[in-house]
Each structure stands twice: as C-alpha cells, then as structure tokens.
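Here is the structure we will look at.
Every number in this text was worked out from the coordinates using simple rules, so none of it is lab data. All values derive from a computational prediction rather than experimental measurement. Don't worry about glycine lacking a Cβ; one is built from the backbone with ideal geometry, like all the others, and counts go over all protein chains shown.
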Amino acid sequence: MHNDDFMAKVACIVETDGLLRDYIDSVVIKDIKSRIADDRFANLNSNHIHAALLLKAIAPCALKDFAAVMRLSKSAASALIERMVENNLVLRQLNPHNRREILLSVSPDFEEHVVYVRAELAAWFAALADDLGMDAFEQWHAVMMQLHTVILQKIRAAHA
C-alpha cells in the first residue's frame, strides 16, 4: 500500500502524461501532417500517425500486442489496421515461426513519412527540453530510458 504523497505524485505523472499525449495528438501531429506533401497520404489522421509511430517501435508484432499498446480492443485495433492496410500504411505478413499468426509492420512506402514525423517530434521535444533546462532534461532522459526498457520488456514478454 502506498501513502498519499506517493499516490499524489503518481496522479501528477498520469495527468501530465495525458496532457502531453493530448497536446502531441491535437496540435503537434496535426501541424506535422499539414506539412506532408505526398497526396497518397492526404487522408491520414493523427490516429494513423500515432498508430504508425507505435507500430514502428514494436514491429513486427501481433494484432493483440498492437491493440495493447494503442489501448484499444482487439476489434477496434483490427478495424484501424484494416483501414491502414487499405491505404498502404501497414503490411500484414505470416509469422514464419507460427503460421497461425499475422505480424504487422509499417509499409516501406509509409516508412519515410514515419521517419519524418519522428524527426519533427524530436525537434518539438528539443524545444520543450530547452524550456525545461538541461538539468531537468537530463533527469527526464534518464527516467525515460528506464521506462522505455521496462515497457519494451513487458510488450515482448506478452508477445512471447
């Protein structure tokens, strides 16, 4: 059982994470999307970009893992993947180690756009880090590296 001070800190992290994610989705991604000139991806929405960024980080992966990372039901994730496959954003391939499982990955055509979006997000975060100051940035980075490792281990363990 954790004390009230600990739980208040957890609540602040959860709230700040939500604010950050919402701001990135509603402002930053929309701005980046407006600068993607390729007409083939004109019908992208911020959810597609967010999904592609997450998929690139964990690919190749099964639908259930993608759904878990996106915090969607398996049926909602399946519908999103179907739309992304139809728009040549995602590839589905048979898992060579388990022929009953389909693995998802970002399509080569869309890969360059995902790389562009990630670079633009990095530039946005660099500006945010400048506002925080280098000491706070270094602390943030250290925590994020640990968090990244733990989350990827959990995702991979669930997939195994």
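The local environment of Asp65, defined by Cβ-Cβ distances under 13 Å, has a net charge of +4 under the rule Lys, Arg +1 and Asp, Glu -1. Along the Cα-to-Cβ line of Leu54, 7 Å from the Cα, sits a label point; which residues in the stretch 105-119 have backbone N less than 16 Å from it? Backbone N within reach: 105-106.
When only alpha carbons of the stretch 4-159 are considered, Rg and Dmax amount to 17.1, 52 Å. As an equivalent ellipsoid, the stretch 91-142 spans semi-axes of 37, 16, 5 angstrom, where each value is the square root of five times an eigenvalue of the C-alpha gyration tensor, largest first. For the chain, a Gaussian network of Cα nodes joined below 10 Å ranks His148, His113, His48 by mean-square fluctuation, and the top entry is His148. Taking a Cβ cut-off of under 14 Å around Val143, the surrounding Lys, Arg, Asp and Glu residues balance to a net charge of -2, with basic ones at +1 and acidic ones at -1. Listed peptides 31-38, 139-146 appear in the order 31-38, 139-146 once ranked by packing, highest mean of other Cβ atoms within 10 Å at the front. Applying 1/(1 + (r/R0)^6) with R0 = 30 Å to the Cβ-Cβ distance of Leu132 and Ile36 gives a FRET efficiency near 0.60. Other residues within the sphere of radius under 14 Å centred on the Cβ of Ala129, judged by their own Cβ, net out at -4 (K and R +1, D and E -1). Taking 0.36 nm per residue of separation and subtracting the current Cα-Cα distance, fully stretching the chain between Asn87 and Met144 would add 17.3 nm.
As a rough guide to protection, the peptides 100-108, 10-18 ranked by mean Cβ packing within 10 Å, highest first, stand as 100-108, 10-18.
Extending 7 Å from Cα along the Cβ direction at Cys12 and again at Lys64 yields two label points whose distance is 3.8 nm. Compute the separation of the alpha-carbon centres of the stretch 80-127 and the stretch 45-79 and state it in Å as a whole number. What the calculation gives is 9 Å, centre to centre.
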